[in-house]
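Accompanying notes for the structure given below.
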Amino acid sequence: MKKKENTNYWLFQAHEQQFLLGPALRMDAVHTFPVKAHRKKIKRGDKVILWKTGANAGVYGLAEVQSEVGTWKVSEEQKTFYLQPVSSGENVKIKVEYNLWNRPVTKEFLTENKEFDKFYGGLSGVTYKATKRQYELIAGMAQRENLVEESIPDYIEGLTAVHPLNLILHGPPGTGKTYRTIDHALAIIEHRTLAELALESRADRQQRYQEYVEEGLIYFVTFHQSFTYEDFVEGIKPITEKGQIRYEIQNGIFKHIALEARQELVDDIMEAIPAPHQLVEFKPLYKSFLEYLKTDAFENFPGPGGSKLFLHRIERTGNLKVRKEKFFGIASVSRKKLEKIYYEFQALDASELTDPLSVVRSSANVSNAEDYLIVLASLRDFEQQYVETSSLGNPENMADILPDISMAHFSEIAKQTAERFVLIIDEINRANIASVFGELISLIEPNKREGAPEALHLVLPYSKTMFSAPPNLYLLATMNTADRSIENLDFALRRRFAFEAVLPDPAVISQLNQQPLMDGIHLELLLKAINDRITLLLDAAHCIGHAYFLQVDNLADLRKVFDRSILPLLKEYFFADPGEIGLVLGKAFVEVRKVEGDIFADFQHPYVQDFADQKRYRIKSAGEVDAAGFMAIYQ
């Protein structure tokens, strides 16, 4: 009987100046690996730790050896990720079992465990021995990462994540500031962290963001040079009626969303105040209704004539996804709109409900009114059971259950219970901020918000009404640092906003671009080289963002990005000395011209020769630059 051979464990290293391990793993293009040592000991079935050296060093994958050491052919797909000619030396075939290209295990994690005291990752060689325990520990980390990535935790109501009331995302152009506002807005409204949201797909996040926009919880506005206080807070606007012009005071976008947020806060506070004949409030009723929908007692929503409406799923927001019997299309029943319909029906008597579908359409402006009516009928049926089993059936005890509202209770309601509203201000620094905000500069400060110990109220200049900023309204802004640095902002504004830098991250290109290496051009190294030079010549605020390169799939796309975005930015940055663009991009992009002959008119001038000797620069179109010219930027 043949004795079973023991499994050996190895560390295979890829040096970043030779082979792009991360991008290759991302494209599932790693099928062979060179062997420089231990040739006679490496065999089929051995386990391998794949290590990348240099910047962002770490374990990028775990693999199994699939062959003996030989001179196996390297696939054409894998060859594209080599930065140097592919060696014809010995190698082995491998099969990647854990692909960690987007979540590598870095050395910081490994050094915490004594098992890695003798770990050779980062040394100059290619092939080293590893231990079974080292491999198992990394495999355990990889398995935990897979579990985290695959599962999406249920939304837990009341889970708290701290978000500043006023936040500005600032950074150079093309870094994804506006892109990130979606995640920040969702995190605020859903009381969640950005890390939690990152576990979900971008499409799911965008869908929920759009639902919040439709429900009026998120508003978006872009500041510009003509934007005024009258557009933002309130102002007198002309109205034409029957050929006659009259003037009326209209609310700006900030005042509009502030009043909506305050009304939501007032509604929640009123729910917390005991009343001897309190009506059923929608929010606690609906919360219990959702719990009922998750039980085995619920089967479907019965409709007219024996029809059925099936529950597809309950969204994190409390919205329902429903499907009609014998139909495959999924419709949405918004919690917010259902609440409006519920109170509308509560306010009407039987004589006014001759056409309930019209009431649904008019009160909530929905196209699938029948679905809302069917769900509402089930909710009203459940309401009877809810009243009988809750304290609402015994109003005499209400005073014992709910205390009077205190300032602390008000603050807690604002933080935890009340619906949150988000106003996104894109390009906040493009308007005259002091003029646009006016007296709001004082009101938006966290400790000056309504209900805070130092709360401020003031009289607005046009409507002469008292006004304050509610604590459940969040301001989320973006700012391009290439237009105006933070230091140049109005000091009063800077003091009232928190700032979060959104910087260029070349590594994102390899993570999100389908072709991070195309026609031999390594986009990540290209952007890094450009930004390193801009930082030296100007500053980090004028760097180029990674977002410009995320949709680049070929050389033609790259040329378009340069002609339409990169070169115009550089010309603006270096308008005083176009020659500095040559220091950034190289001679492939900048042509040096000298004045030939006697170009000037017949006139005596002390500096005529100096003028004649001056160099002239022509910035070439990217269409004139071949792939080698782009590669020369970082080589």
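The values are calculated or read from the model by the stated rules, or taken from the named source; none is laboratory data. Note that the structure is predicted; figures quoted are calculated from it, not measured. Note that each Cβ is placed from the backbone with ideal geometry, even for glycine, and that neighbours are counted across all protein chains shown. Note: areas computed on protein heavy atoms with side chains; ligands, DNA, RNA excluded. Shrake-Rupley method; radii C 1.70, N 1.55, O 1.52, S 1.80 Å.
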Revision key, fill the gap. Looking across segment 194-232 at residues that are part of a loop (DSSP other than H, G, I, E, B) and over 30 Å from PRO461 (Cα atoms), the single one that is least open to solvent (accessible area, probe 1.4 Å) is GLU200
Review point. Out of segment 309-326, which residues are in contact with a Phe, Trp or Tyr (Cβ under 9 Å, 6 or more places away or on another chain) and in a loop (DSSP other than H, G, I, E, B)?
Key: GLU315, ARG316, THR317, GLY318, GLU325
Practice item. Write out, first by first residue and then by second, each pair whose Cβ atoms fall under 6 Å of each other, whose residues are 6+ apart or on separate chains, and whose first residue, in segment 576-588, is in contact (Cβ under 8 Å) with a residue 12 or more places away in the chain while the second is open to solvent by 50 Å² or more (accessible area, probe 1.4 Å) and of a type in the set (Lys, Arg). Key: VAL584/ARG533
Review point. Which one is farthest from the chain's Cα centre (by Cα) among residues in segment 565-591 that are more than 18 Å from ILE633 (Cβ to Cβ) and either open to solvent by 100 Å² or more (accessible area, probe 1.4 Å) or of a type in the set (Asp, Glu) (or both)?
Key: ASP577
Review point. Can you tell me which of GLN210, GLN244, GLN225 is over 26 Å from GLU450 (Cα atoms) and within 19 Å of the chain's Cα centre (by Cα)?
Key: GLN210
Review point. Restricting attention to segment 451-467, and to residues there that are outside any loop (DSSP other than H, G, I, E, B) and either without any contact (Cβ under 8 Å) to a residue 12 or more places away in the chain or polar (S, T, N, Q) (or both), which single residue is nearest to HIS256 (Cα to Cα)?
Key: MET466
Check your understanding: Is it true that some residue in segment 61-68 is touching a residue at least 40 places away in the same chain (Cβ under 8 Å) and open to solvent by 10 Å² or more (accessible area, probe 1.4 Å)?
Key -> no
Review point. Which residue pairs have Cβ atoms closer than 8 Å, lie 6 or more positions apart in sequence or on different chains, and pair a first residue in segment 179-194 that is more than 20 Å from VAL508 (Cβ to Cβ) with a second residue that is open to solvent by 20 Å² or more (accessible area, probe 1.4 Å) and among the β-branched types (Val, Ile, Thr)?
Key: HIS191/THR160
Practice item. Could you check how many residues of segment 536-557 are within 12 Å of ILE509 (Cβ to Cβ), free of Cβ contacts under 8 Å to residues at least 60 places away in the same chain and assigned to a helix (DSSP H, G or I)? Key: 1
Exercise for review: Can you tell me which residue within segment 95-109, out of those that are in a strand (DSSP E or B) and among the aliphatic types (A, V, I, L, M), is modelled with the lowest pLDDT?
Suggested key: VAL105
Practice item. Sort out which residues of segment 92-111 are over 17 Å from GLY54 (Cβ atoms), loosely packed, with under 13 Cβ neighbours inside 10 Å and either among the hydroxyl-bearing types (Ser, Thr, Tyr) or within 31 Å of the chain's Cα centre (by Cα) (or both), and write them in order of number. Key: THR111
Check your understanding: In segment 499-521, is there at least one residue being at positive phi and at pLDDT below 85?
Key -> yes
Check your understanding: Somewhere in segment 592-601, is a residue of a type outside the set (Val, Ile, Thr), in a strand (DSSP E or B) and open to solvent by less than 80 Å² (accessible area, probe 1.4 Å)?
Key -> no
